[in-house]
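The values are calculated or read from the model by the stated rules, or taken from the named source; none is laboratory data. This is a predicted model, so every value here is computed, not measured. Here Cβ is always computed from backbone atoms with ideal geometry, including for glycine, and neighbour counts include all displayed protein chains.
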Amino acid sequence: MSNALRELSKDDRKQLFRFLTAAIWSDGEAAPEEIDLLTDVLLESGLEKDEMQYVAALLQAKPRVEEILRADQVPLDHREILVAFIREAVLADGEVTRAEIASVKSIGDALGVAIALPDATDEEE
């Protein structure tokens, strides 16, 4: 996946990171496993220092899907990469909450791409 990330333009990577960090925060917390996955992807991708700082700032800002949902700005050929990253991030901590499923569904709907996730593991009603 890191190779695919390098092939994107800097602006496209920023858009992807906005979606990805929103998906990570969609359940109200960023689990260590989710942060580790994102860190691994960043390090393997060999991104520039300013891009890594941008992602770190995004994680601190805790973006919400509703705030960044500009799927019309994501080129069709990049949506598959985005979907793969989002799915991997949401599954990284081994738990899928209803909030995560709702956020991921919103992203998928906006992109016109279904994102398959297992059933929620939380006990919320």
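Filter the stretch 95-125 for residues that are outside any helix (DSSP H, G or I) and touching a helix residue (DSSP H, G or I) at 6+ places or on another chain (Cβ under 7 Å); which is modelled with the highest pLDDT? Write out each step before concluding.
Step one: list which residues in the stretch 95-125 are outside any helix (DSSP H, G or I), which gives 95-97, 112-125.
Imposing the further condition that a residue be touching a helix residue (DSSP H, G or I) at 6+ places or on another chain (Cβ under 7 Å) reduces the set to 96, 113-115, 117, 120, 122, 124.
Working: Val96: 83, Val113: 79, Ala114: 76, Ile115: 77, Leu117: 77, Ala120: 76, Asp122: 59, Glu124: 48.
The extreme case among them is Val96.
Anything in the stretch 1-49 that is among the charged types (D, E, K, R), part of a helix (DSSP H, G or I) and in contact with a Lys or Arg (Cβ under 9 Å, 6 or more places away or on another chain)? List them, or say none.
Correct list: Arg6, Arg13, Arg18.
Those residues that are of a type in the set (A, V, I, L, M, F, W, C) and either crowded, with 19+ Cβ neighbours inside 10 Å or without any contact (Cβ under 8 Å) to a residue 40 or more places away in the chain (or both), I need them from the stretch 14-33; list them, please. Give the steps one after another, and end with the answer.
Here is the first cut: in the stretch 14-33, the residues of a type in the set (A, V, I, L, M, F, W, C) are 16-17, 19-20, 22-25, 30-31.
Listed by number, the residues that qualify are Leu16, Phe17, Phe19, Leu20, Ala22, Ala23, Ile24, Trp25, Ala30.
So which residues in the stretch 30-87 are among the β-branched types (Val, Ile, Thr) and modelled with pLDDT of 75 or more, if there are any at all?
Pass one, the stretch 30-87, residues among the β-branched types (Val, Ile, Thr): 35, 39, 41, 55, 65, 68, 74, 81, 83, 86.
Those that are among the β-branched types (Val, Ile, Thr) and modelled with pLDDT of 75 or more: Ile35, Thr39, Val41, Val55, Ile81, Val83, Ile86.
Residues of the stretch 34-50 being under 15 Å from Phe85 (Cα atoms) and either among the β-branched types (Val, Ile, Thr) or surrounded by 15 or more Cβ atoms within 10 Å (Cβ to Cβ) (or both), which ones? Give the steps one after another, and end with the answer.
Going residue by residue through the stretch 34-50, those that are under 15 Å from Phe85 (Cα atoms) are 34-45.
Across the stretch 34-50, the qualifying residues are Glu34, Ile35, Leu37, Leu38, Thr39, Val41, Leu42, Ser45.
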